[in-house]
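Just below is one structure, and these are the notes that go with it.
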Amino acid sequence: MKPAARLRRSSDIKSVRASGRALRRETFTARAARSDEDAPRLAVIAPRTVGTAVTRNRARRRVREAFRRAFASAADGKSIDLVITVRPDAAKAQFPAIEADVRSALAELGR
C-alpha cells in the first residue's frame, strides 16, 4: 500500500477511534469513518497481546496486504478511514481467512 493511503497522524487515528463505527472480526477489530480524502486510508495497529515483535509485524503486514488487495479490486470511489487493531488470531490464521474477514467487513460498511 503506498504511503499516501495510510493514516499516519495520531490526531487522524484518534478522530476515527472516537467517531468511527466499530466492526469485530476473528482476525481484527476495525473502526471506520467516512473521509474527505480521495482514497481510502488505513492504520494497522498490533498490540503486544498479539505476540512478539516479529509476530506482531507479520500479522500487521498480512492484514494490511489483505486490505490493499480488497481496495485494489474495489471500483467505487468511496473514501473511508480505517483503524484496524489486529487480534491474536491473525497471527495464526491462514491468509484466505484474513481476506474473508476483510471482505465481510467492507461489505458490512457498504463498500
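What follows is calculated from the coordinates using simple rules that are stated; it is not laboratory data. Since we're looking at a predicted model, the values are computed, not measured. Cβ: placed from backbone, ideal geometry, glycine included. Neighbour counts: every protein chain shown.
A few notes on this one:
- Only Cα pairs under 8 Å and 6+ residues apart enter the sum, and on that basis the relative contact order of the chain stands at 35 percent.
- Distances between placed amide hydrogens fall under 5 Å for residue 28 paired with 87, all partners being 5 or more residues away or on another chain.
- Between amide H atoms placed 1.01 Å from N, distances below 5 Å from residue 41 occur with 80, 81, 82, all of them 5 or more places distant or on a separate chain.
- Selected from 37, 99, 65 as most flexible by GNM, with the chain as the system and alpha-carbon contacts under 10 Å: 37
- Between the residues 52, 66, 98, the greatest Cα displacement towards the positive end of the dipole of the chain, with unit charges on the Cβ of Lys, Arg, Asp and Glu, is found for 52.
- Taking each residue as 0.36 nm, the span from residue 33 to residue 10 lengthens on full extension beyond its C-alpha to C-alpha distance by 6.8 nm.
- Placing +1 on each Lys and Arg Cβ and -1 on each Asp and Glu Cβ, with no other charges, gives segment 3-108 a dipole about its Cα centre of roughly 480 debye.
- Where both bridge residues fall in the chain, DSSP classifies roughly 65% of the beta bridges as antiparallel.
- Helical mean residue ellipticity (222 nm; -39500 (n - 2.57) per DSSP H run of 4+; nearest 500) of the chain: -14000 deg cm²/dmol
- What the phi angles of segment 7-15 give under the Karplus curve with 6.51, -1.76 and 1.60, with θ = phi - 60°, is a coupling list of 7, 10, 7, 5, 5, 5, 5, 4, 4 Hz, glycine and proline written as x.
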